[in-house]
Amino acid sequence: MTSAEKFMKEALKEAKKALEKEEVPVGAVIVKDGKIVAKAHNTKETTRNAICHAEILAIQKACKKLNSWRLLDCEMYVTLEPCSMCAGALINSRIKKLYIGTDDSKTGACGSVLNLLQDFKFNHKIEVDKYILKEECEELLKDFFKFLRERNKYEKKSL
């Protein structure tokens, strides 16, 4: 197992925590010098807060732990391609490299819908490596949305 796969497995563990809370199962891990400095998962539904994405929460934790808003030598591993809000936070926090499990064809801002990390003239560019444990990341998301569709279908029938 590569180090990228090892850290993506940790991000998947975080995504499963989100799944247990019926949150969209996205997990993020920030690594510096080969050690995890922050982990997080989506909590948007439970907190009723639109910005509680796994990436934002992981960045906040890493900044606090490292006592700096600059995460220059850090890498993020995330199970789903970040949205534009999270991509902006990655740029502003100066993350060095981003590892993505799978694409987000609806809101992905790191190459799927648009590419904020590399296509624009921002002051910081982030190296991106995609499709780390892609099948596992995709399966978790597909199963979650299938569960929601089936639950909603059942709830409509019982009304």
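The values are calculated or read from the model by the stated rules, or taken from the named source; none is laboratory data. The shown structure was predicted, so the numbers you read here are calculated from the model rather than taken from an experiment. Note that each Cβ is placed from the backbone with ideal geometry, even for glycine, and that neighbours are counted across all protein chains shown. Accessible surface is based on the protein model in full, side chains and every heavy atom, while ligands, DNA and RNA are left aside. Shrake-Rupley method; radii C 1.70, N 1.55, O 1.52, S 1.80 Å.
Worth a mention:
- Area of D119 that stays accessible when all protein chains are in place (1.4 Å probe, Å², to 10): 110 Å²
- Of all DSSP beta bridges in the stretch 33-159, antiparallel share, percent nearest 5: 10 percent
- Counting only alpha carbon atoms, the long axis of helix 84-93 and the longest principal axis of the chain meet at about 30°.
- Zone of N115's modelled label, taken as backbone nitrogen in the stretch 47-85 under 17 Å from a point 7 Å along Cα→Cβ: 81-84
- In this label model, E127 and S3 are separated by 1.1 nm, measuring between points 7 Å along each Cα→Cβ vector.
- Fluctuation leader among L98, L114, L71 - the chain, Gaussian network, Cα springs under 10 angstrom: L114
- Centre separation in Å (Cα based) which lies between the stretch 93-156 and the stretch 20-49: 13 Å
- Stokes-Einstein, applied to the Kirkwood radius of the chain over Cα pairs at a viscosity of 1.306 mPa s and 10 °C, places its translational diffusion at 101 µm² s⁻¹.
- Principal-axis tilt of helix 134-158 within the chain, Cα atoms, nearest 10 degrees: 30 degrees
- Stretched out straight at 0.36 nm per residue, the stretch from E10 to F145 would grow longer than its current Cα-Cα span by 46.4 nm.
- Cβ-defined net charge surrounding K21, 12 Å radius [Lys, Arg +1; Asp, Glu -1]: -2
- The chain - accessible surface per residue (Å², probe 1.4 Å): 57 Å²
- Rounded to the nearest 10 degrees, the angle from helix 3-20 to the longest Cα principal axis of the chain is 40 degrees.
- Charge tally in the Cβ shell below 13 Å around V128, where Lys, Arg are +1 and Asp, Glu are -1, V128 excluded: -2
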